[in-house]
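Report on one structure; see the data block that follows.
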Amino acid sequence: MSAITAPIESRRVPILRSTRSASLAAFGAMLLRDLRVLQKELGPFVMRTIMQPFLLLFVFAYVFPKIGQGVGGSSASESQFSTVLMAGVIGTAMIMQGVQAVAMPLVQEFGYTREIDDRVMAPLPVWGVAVEKIASGAIQALISGLVVFPLAYWLPATPVHVHVHWLLLLTLMPLGAVMSAALGLTMGTRVKPTQVPLLFAIVILPIAFLGCVYYPWQALEPVKWLQVAVLVNPLVYLSEAFRAALTAGVPHMALWAIYLAMAGFTVALAWIGIDGFRRRVLS
C-alpha cells in the first residue's frame, strides 16, 4: 500500500507535551544541571562548608579545654558545651550554605550580564524558576549539615553526647534546609550587587552571632530583652531544632514553637523571595 493510500490512523502523529509535563521536565533538568555543577565543584563546596565550623569547633571545643580555658560559665555548663555547640554549628553550616548557594549565584545572574534571562526562557513559570533555586539550595544545605556532623562529633576535646530522635531529625532537618534556601533567595533578590559586602556586615554576622549557636535559647533568660529580640533570627530555631533532635540533656525551645516558627519563616521567606525574583526578572 502506498503512502498516499495508507490509512490515516497508521501514520505517526507527533504528541505534544502538556504544559504541566513540560514544566516538570524543565524543572528537573535545571535541578540536575545545578547538581552537576555542584559535583564538578565538590572540593570548593566542602572547603567553604567546613571552614567556619572547623574553626569554631577547633577554638572553642578543642583548644579552650586543652589549655584549661573554661567556656559556659559553670562546671556543669562547661561539661556539655561541646554538645550545645554541635547543634549550633550544624545549624550555622546549613543556613550559611543555603544563603551562599542561592544568593551568591543570583547576584551574578542579575548583574550586567543578565544570565538569569537564559533560565527564564525555559518552559517554566518565573515562580517555578525561583522554586528550583530554593530546591537546589536546600539540597546543598542538607549536604552541608551531613558533612559537618562528623566534624562536630569527633573534633571537640570534651565528650559530645548524642541522642538521635529520628522523627524530629527527619522532619526538622529538611524543613531547616528549605528555610535556609528561602532566606538565600530573599537576600539574593532584595540586595543589589554593590550591596553584597553590606549584606554580610549587617545581616549574616548578626544571624551567626545571635543565633543561639553557643548557648541554648533558654540561657538568655537573664537578658530578657535579648531573648525576645533574637526570636526574629531564623538560625535560633534551627539551632534549637538540632538540640531537640540530637541531644537528650540539653534544654531547648518547645517543639511546637520550633515547628511553627520554622514553617512560618519558610513560607514568609519563600513568598518574599519569589516575589522579589519575579520583580527582578521582569524589571
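Values computed for the structure shown
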{"quantity": "The chain: DSSP helices with Cα axial extent of at least 24 Å and average Kyte-Doolittle hydropathy no lower than 0.0", "calculated": "19-40, 81-109, 126-154, 166-190, 255-282"}
{"quantity": "Under 30 Å from the Cα of K192 - lysines, other chains or at least 8 residues apart", "calculated": "K40, K133"}
{"quantity": "Extension gain (nm, one decimal) between E221 and Q108, 0.36 nm per residue minus Cα-Cα", "calculated": "36.5 nm"}
{"quantity": "Per-peptide average of other Cβ atoms within 10 Å, ordering 36-42, 115-121 highest first", "calculated": "115-121, 36-42"}
{"quantity": "P(r) histogram, all alpha-carbon pairs of the range 159-249 included - 10 Å bins from 0, percent", "calculated": "15, 39, 33, 12, 1"}
{"quantity": "Burial order of peptide ranges 177-187, 50-60 (average beta-carbon count within 10 Å, highest first)", "calculated": "177-187, 50-60"}
{"quantity": "Computed [θ] at 222 nm, helices only, for the chain once each DSSP H run of length n ≥ 4 contributes -39500 (n - 2.57)", "calculated": "-21500 deg cm²/dmol"}
{"quantity": "Over the chain - Rg/Rh using Cα atoms and the Kirkwood inverse-distance radius", "calculated": "1.11"}
{"quantity": "Whole-number accessible area per residue in Å² for the chain, which is evaluated in the context of all protein chains at 1.4 Å", "calculated": "52 Å²"}
{"quantity": "With every protein chain in place, the range 167-283: carbon and sulfur % of accessible area (1.4 Å)", "calculated": "77 percent"}
{"quantity": "Charge dipole of the chain about the Cα centre (unit charges at C-beta), most positive-ward option of P159, Q227, G128", "calculated": "G128"}
{"quantity": "Computed label-point distance, nm, for sites I202 and L35 using a 7 Å Cα→Cβ extension", "calculated": "3.9 nm"}
{"quantity": "Theoretical FRET efficiency, 1/(1+(r/R0)^6), r = Cβ-Cβ of H161 and A263, R0 25 Å, to 0.05", "calculated": "0.30"}
{"quantity": "Mean separation of Cα contacts under 8 Å, 6 or more apart, over the residue count of the chain: relative contact order %", "calculated": "26 percent"}
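The values are calculated or read from the model by the stated rules, or taken from the named source; none is laboratory data. These numbers come from a predicted model, not from an experiment. Note: ideal-geometry Cβ built from the backbone for every residue, glycine included; neighbour counts use all protein chains shown. Note: accessible area is taken over every heavy atom of the protein model, side chains too, but ligands, DNA and RNA are not part of it. Shrake-Rupley method; radii C 1.70, N 1.55, O 1.52, S 1.80 Å.
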